[in-house]
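**Student:** Sharing a structure here in structure tokens format.
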Ligand code: SF4
Ligand code: SF4
């Protein structure tokens with residue numbers, strides 16, 4: 001059973017920050033064979049820097065403290081390597097205001113550049129993936145995630161953070177390839193995690209994100225960080241603390257026979273349910289005996305749709321640029337969706353700079369919600 005280590009942190013100030021990092025990382029480092037003399041790569045979540053009051057990226061203070069902690073522990077080199085969708089990793093670090101500090105410490109900050117097709121191990125769902133290979137150049141890989149809600153996958157934590165190792169242009173292709181089959185998307189994330197197998201995964205949930213995540217949600221103080229030698233166990237445990245006990249990624253992993261068992265250690269936070277986006281899909285388990293055509297009809301009705309708030313939209317066109325099947329276009333400066341072609345990947349929602357797009361349940365889904373509540377009432 002994998003250990004997940006927790007520490008309380010009520011803000012991003014020293015010295016509490018260093019104490020908390022030490023509490024969660026020292027057992028993981030010990031298990032990973034220590035850091036002395038090692039070259040370390042950190043893969044942070046750098047979706048986009050939107051300012052200190054928007055928890056879109058890992059906190060800059062925590063990232064800087066992590067680099068310093070690794071050098072103090074004897075690391076021979078530390079690199080921050082990421083592949084943000086829009087801006088480069090060095091630009092994001094500059095915008096965060098920590099570029100000089102990281103440079104002084106001797107931290108190398110770069111984008112992923114070296115991509116290769118990799119034949120996946122037998123147990124994986126996919127045969128080949130094109131992945132950034134930088135992680136192979138380092139002795140120790142730290143997957144550093146931000147705890148956020150996610151319109152497509154409910155939450156983005158450590159395993160989802162590794163999707164950044166897929167080439168930016170190919171990520172849209174992956175969304176196209178799996179379409180509305182979120183289970184296949186989860187399989188692909190699990191495959192990346194199996195291949196990369198980060199030595200340590202760390203989650204920043206001091207100020208997490210709830211609501212319209214992962215790019216435009218609301219800050220929520222969860223006041224903890226957590227780390228584990230196993231990204232999947234970390235996700236299973238942290239999802240539980242955020243009030244999500246049915247994360248698709250975890251159920252898919254369990255169905256594949258992967259080890260999702262964990263034991264919490266340290267200062268274990270209370271369960272704090274966060275506000276989730278409207279779920280992209282409703283289960284159709286209860287319709288298992290329906291004829292296939294009826295099931296397909298219901299399936300189409302039970303997928304949430306992207307919706308724009310015209311008063312918030314600034315007409316920048318980023319949603320159009322990021323839409324894999326090009327199922328929306330700007331008309332009079334506002335996006336118009338062609339929902340028949342839309343694969344419900346919510347890339348438009350993720351990259352809208354002003355949070356003008358949300359996932360919204362269909363009228364049928366809202367009716368089904370009410371019907372379910374009614375039935376439960378009767379049964380009770
Ligand atoms: S409109 Fe949005 S949710 Fe639909 S396919 Fe395009 S990016 Fe994905
Ligand atoms: S990305 Fe957001 S602000 Fe830009 S056009 Fe689309 S909805 Fe409007």
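**Student:** For residue 99, indicate whether it is without any contact (Cβ under 8 Å) to a residue 12 or more places away in the chain, surrounded by 17 or more Cβ atoms within 10 Å (Cβ to Cβ) and over 19 Å from residue 231 (Cα atoms). Show your work before the answer.
**Tutor:** Details: without any contact (Cβ under 8 Å) to a residue 12 or more places away in the chain: yes; surrounded by 17 or more Cβ atoms within 10 Å (Cβ to Cβ): yes; over 19 Å from residue 231 (Cα atoms): yes.
Yes: the conditions hold for residue 99.
**Student:** Another question, then. What pairs can you find where one residue is in the range 352-380 and under 30 Å from residue 87 (Cα atoms), the other is within 16 Å of ligand 2 (Cβ to nearest atom) and assigned to a helix (DSSP H, G or I), and their Cβ atoms are less than 7 Å apart, with a gap of 6+ or different chains?
**Tutor:** What qualifies is 352/318; 352/319; 353/318; 357/319; 357/348; 357/349; 358/349; 359/349.
**Student:** Further question: Show me the helices (runs of 4 or more DSSP H) entirely contained within the range 317-380 in which 3 or more residues are more than 10 Å from ligand 2 (Cβ to nearest atom) and surrounded by fewer than 14 Cβ atoms within 10 Å (Cβ to Cβ).
**Tutor:** Here the list reads 363-379.
**Student:** Under the condition of being more than 13 Å from the chain's Cα centre (by Cα) and under 30 Å from residue 307 (Cβ atoms), which residue from the range 218-239 is surrounded by the most Cβ atoms within 10 Å (Cβ to Cβ)?
**Tutor:** Here the answer is 222.
**Student:** Name the residues in the range 240-268 that are part of a loop (DSSP other than H, G, I, E, B), surrounded by fewer than 19 Cβ atoms within 10 Å (Cβ to Cβ) and touching a strand residue (DSSP E or B) at 6+ places or on another chain (Cβ under 8 Å), would you?
**Tutor:** Scanning the range 240-268 gives 259, 261, 267, 268.
**Student:** If you don't mind, there's one more thing I want to ask. Just for strands (runs of 3 or more DSSP E) wholly inside the range 122-174: which have at least 2 residues that are crowded, with 19+ Cβ neighbours inside 10 Å and under 17 Å from the mean Cα position of the chain (by Cα)?
**Tutor:** Numbers: elements: 128-132, 140-150, 154-156.
Strands (runs of 3 or more DSSP E) meeting the threshold: 140-150, 154-156.
**Student:** If I filter the range 314-325 down to residues being within 14 Å of ligand 1 (Cβ to nearest atom) and out of contact with any strand residue (DSSP E or B) (no Cβ under 7 Å at 6 or more places or on another chain), which single residue comes out as farthest from residue 56 (Cα to Cα)?
**Tutor:** Restricting to residues being within 14 Å of ligand 1 (Cβ to nearest atom) and out of contact with any strand residue (DSSP E or B) (no Cβ under 7 Å at 6 or more places or on another chain), the top hit is 325.
Here's the yes/no breakdown for (1) near ligand 1 (Cβ under 10 Å from one of its atoms); (2) closer than 22 Å to residue 276 by Cβ; (3) outside the structural domain of residue 179 (by TED's automatic domain parsing):
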{"residue": "327", "(1), (2), (3)": "yes, no, yes"}
{"residue": "333", "(1), (2), (3)": "no, no, yes"}
{"residue": "340", "(1), (2), (3)": "no, no, yes"}
{"residue": "346", "(1), (2), (3)": "yes, yes, yes"}
{"residue": "357", "(1), (2), (3)": "yes, yes, yes"}
{"residue": "362", "(1), (2), (3)": "no, yes, yes"}
{"residue": "368", "(1), (2), (3)": "no, yes, yes"}
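**Student:** Can you find even one residue in the range 75-86 that is under 19 Å from the mean Cα position of the chain (by Cα) and more than 16 Å from residue 165 (Cα to Cα)?
**Tutor:** No: zero hits.
**Student:** Taking into account only those residues within the range 112-121 that are in contact (Cβ under 8 Å) with a residue 24 or more places away in the chain and touching a strand residue (DSSP E or B) at 6+ places or on another chain (Cβ under 7 Å), which is farthest from residue 188 (Cα to Cα)?
**Tutor:** Looking at the filtered set, the residue picked out is 112.
**Student:** Scan the range 261-278 and give yes if some residue there is within 27 Å of residue 177 (Cα to Cα), within 16 Å of ligand 1 (Cβ to nearest atom) and touching a residue at least 40 places away in the same chain (Cβ under 8 Å), otherwise no. Steps first, please.
**Tutor:** Start the filter on the range 261-278 by keeping residues that are within 27 Å of residue 177 (Cα to Cα), which leaves 276-278.
Imposing the further condition that a residue be within 16 Å of ligand 1 (Cβ to nearest atom) reduces the set to 277-278.
Then drop every residue that is not touching a residue at least 40 places away in the same chain (Cβ under 8 Å), which leaves 277-278.
Yes, that holds for at least one residue.
**Student:** Has the range 108-121 got at least one residue that is outside any strand (DSSP E or B) and within 21 Å of residue 47 (Cβ to Cβ)?
**Tutor:** Step one: list which residues in the range 108-121 are outside any strand (DSSP E or B), which gives 112-114, 120-121.
In the following step, the residues that additionally are within 21 Å of residue 47 (Cβ to Cβ) were identified as 112-113.
Yes; the residues of the range 108-121 include at least one that is outside any strand (DSSP E or B) and within 21 Å of residue 47 (Cβ to Cβ).
**Student:** Scan the range 296-311 and give yes if some residue there is closer than 23 Å to residue 156 by Cα, modelled with pLDDT of 95 or more, in contact with a helix residue (DSSP H, G or I) (Cβ under 6 Å, 6 or more places away or on another chain) and within 16 Å of ligand 2 (Cβ to nearest atom), otherwise no.
**Tutor:** no
**Student:** Within the range 190-197, can one find any residue that is touching a helix residue (DSSP H, G or I) at 6+ places or on another chain (Cβ under 9 Å), outside any helix (DSSP H, G or I) and more than 30 Å from residue 339 (Cα to Cα)?
**Tutor:** Yes, there is a match, as at least one residue in the range 190-197 is touching a helix residue (DSSP H, G or I) at 6+ places or on another chain (Cβ under 9 Å), outside any helix (DSSP H, G or I) and more than 30 Å from residue 339 (Cα to Cα).
The values are calculated or read from the model by the stated rules, or taken from the named source; none is laboratory data. For clarity, every value in this text was computed on a predicted model and none was experimentally measured. Don't worry about glycine lacking a Cβ; one is built from the backbone with ideal geometry, like all the others, and counts go over all protein chains shown.
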